[in-house]
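The structure appears below as structure tokens.
The values are calculated or read from the model by the stated rules, or taken from the named source; none is laboratory data. In this text, all values refer to a predicted model and were calculated from it rather than measured experimentally. Positions of Cβ are backbone-derived with ideal geometry, glycine not excepted, and every protein chain shown enters the neighbour counts.
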Amino acid sequence: MKRLLLFVTLVLALLAPAAGPSAAAPDIQVLKNEATANFAKNVMFSLEAKSSSRITEVNLFYHEALEIAVNRAYPTFTPGSQVSAEYSWDLLPGEVPVGAEVQYYWVLKDANGQQFKTPPQTVAYDDTRFQWQKVGKSNVDLFYYGSNQARAQKLLNAAVAALAHIKDQIGVSPNKTAKIYVYDSKDDMGPALVSRSQSYDEMTTTLGVLVSKDTLLLLGSAEGATQTIAHELTHLVVGQATQNPFQAPLPRWLDEGLAMYNEGSLPGYNKDALDEAIATDTLISVRSLSAYTGDPNQVNLFYAESYSVIDYLLSQYGRDKMVALLNDFKAGAYQDDALQKVYGFGLEGLDAKWRAWVGAPARQVAPTPEPNLDTA
């Protein structure tokens, strides 16, 4: 889907009128060009323009500033020498990340076929329900509200420590300032999250989530908030380090394994699931760990194995190999090819070596049936 969006974006870029003085009709004058972001509701765009010629077409192009895909809208308006147009981008919960910038521009066309493109502008999409305060250090900005300054400082220090640990253990650092928005309660954070279903939202509590390439949301009142920061910041840093023009995602065992590893020691319930799977020879294959498990009973084992695979690679082959592996993913390599190039073995080889390292028996492979050569 991401590759399809990239293709559509490239097509739109080719269809969009060229920027620059040669494409602009000098007699088109913009009288009003505004955008207003209404949190968890919409972004309202407004334009007024006039021309000595009849304006026959008005198009709006808009997108989240950090995203490639561009949306195109066709606002209703009455053609004439002076026009007014409005468009409401109606938002689903969490559709635009808190703290993001929405970039937009208009393209107008007159009866003579001349086109005019307004300069790109941005509007901030903020959670205006709260009076946010900011504390910053190194390459982290942490936003909070209320009187929890001491907690905010503690979480900021935890974030800085987590980034230092990522650099030390994994060898990567953020290439832009990380933004953390700390909410006091589940109800406060709810409208900023993507909704899965009413029942799911009621039954689950999100402790932290990465909502864009540089922004994460955190439930500051939750136990283990510092571990959650470490986990989500790892996703942020690794995502930035492996961003590639093909929009190819990381295998889940690598992304989640690094995030779990940076939290610190493996939690007891995950360790118990791993130990039981080793003892009963029911480990999930590393290839199957490339995507999230669809079995809710295997969630603890999925995260435990992902952690253990990363622990194996880092303890046995070191940080430099991990940096090289991430660099290959940044170039868009497939995981089998990247592993083979960096470590000298693919997914099946990793699976076999890791199983031996944790003390699991060799995986039993069903024998290939002999071909039937009877031609009678």
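General observations
- Considering segment 137-160, the residues that are part of a loop (DSSP other than H, G, I, E, B) and either charged (D, E, K, R) or in contact with an Asp or Glu (Cβ under 9 Å, 6 or more places away or on another chain) (or both) include one that is surrounded by the fewest Cβ atoms within 10 Å (Cβ to Cβ), namely GLY146.
- In the condition set (1) in contact with a helix residue (DSSP H, G or I) (Cβ under 8 Å, 6 or more places away or on another chain); (2) at pLDDT below 95, GLY257 is compliant with all but (2).
- Among residues that are assigned by TED's automatic domain parsing to the domain that holds LEU233, of a type in the set (Val, Ile, Thr) and touching a strand residue (DSSP E or B) at 6+ places or on another chain (Cβ under 9 Å), VAL135 is included.
- Residue in segment 9-29 that is among the hydrophobic types (A, V, I, L, M, F, W, C) and modelled with pLDDT of 85 or more present: yes
- Boolean, LEU254 is farther than 17 Å from LEU325 by Cα and touching a residue at least 12 places away in the same chain (Cβ under 8 Å): no
- Segment 287-304 residues that are over 21 Å from GLU348 (Cα atoms), paired with ones that are among the aromatic types (Phe, Trp, Tyr) (beta carbon under 8 Å, 6 or more apart): ASN300/TYR269
- Among residues of segment 293-318, those that are exposed (fewer than 14 other Cβ atoms within 10 Å of the Cβ) and of a type in the set (Ser, Thr, Tyr), counted: 1
- Some residue of segment 283-300 being at pLDDT below 95 and among the β-branched types (Val, Ile, Thr): yes
- Count of segment 319-335 residues, restricted to those that are in contact with a Leu (Cβ under 9 Å, 6 or more places away or on another chain) and closer than 17 Å to GLY257 by Cα, is 6.
- Matching residues, segment 62-97, being more than 18 Å from GLN121 (Cα to Cα), crowded, with 16+ Cβ neighbours inside 10 Å and among the β-branched types (Val, Ile, Thr): VAL83
Here is a yes/no grid of residues against (1) within 30 Å of TYR145 (Cα to Cα); (2) within 33 Å of the chain's Cα centre (by Cα); (3) part of a strand (DSSP E or B); (4) of a type in the set (Asp, Glu):
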position: VAL43; (1), (2), (3), (4): yes, yes, yes, no
position: LYS50; (1), (2), (3), (4): no, no, yes, no
position: ARG54; (1), (2), (3), (4): no, no, yes, no
position: ASN59; (1), (2), (3), (4): no, yes, yes, no
position: ARG72; (1), (2), (3), (4): no, yes, yes, no
position: GLN82; (1), (2), (3), (4): no, no, yes, no
position: TRP89; (1), (2), (3), (4): yes, yes, yes, no
position: VAL102; (1), (2), (3), (4): yes, yes, yes, no
position: THR128; (1), (2), (3), (4): yes, yes, no, no
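- Segment 31-41: number of residues that are surrounded by fewer than 16 Cβ atoms within 10 Å (Cβ to Cβ), out of contact with any Leu (no Cβ under 8 Å at 6 or more places or on another chain) and either among the β-branched types (Val, Ile, Thr) or not in a strand (DSSP E or B) (or both): 1
- Among the residues making up segment 161-192, those that are surrounded by fewer than 18 Cβ atoms within 10 Å (Cβ to Cβ) and closer than 30 Å to TYR312 by Cα are ALA161, ALA164, HIS165, LYS167, ASP168, GLN169, SER173, ASN175, LYS176.
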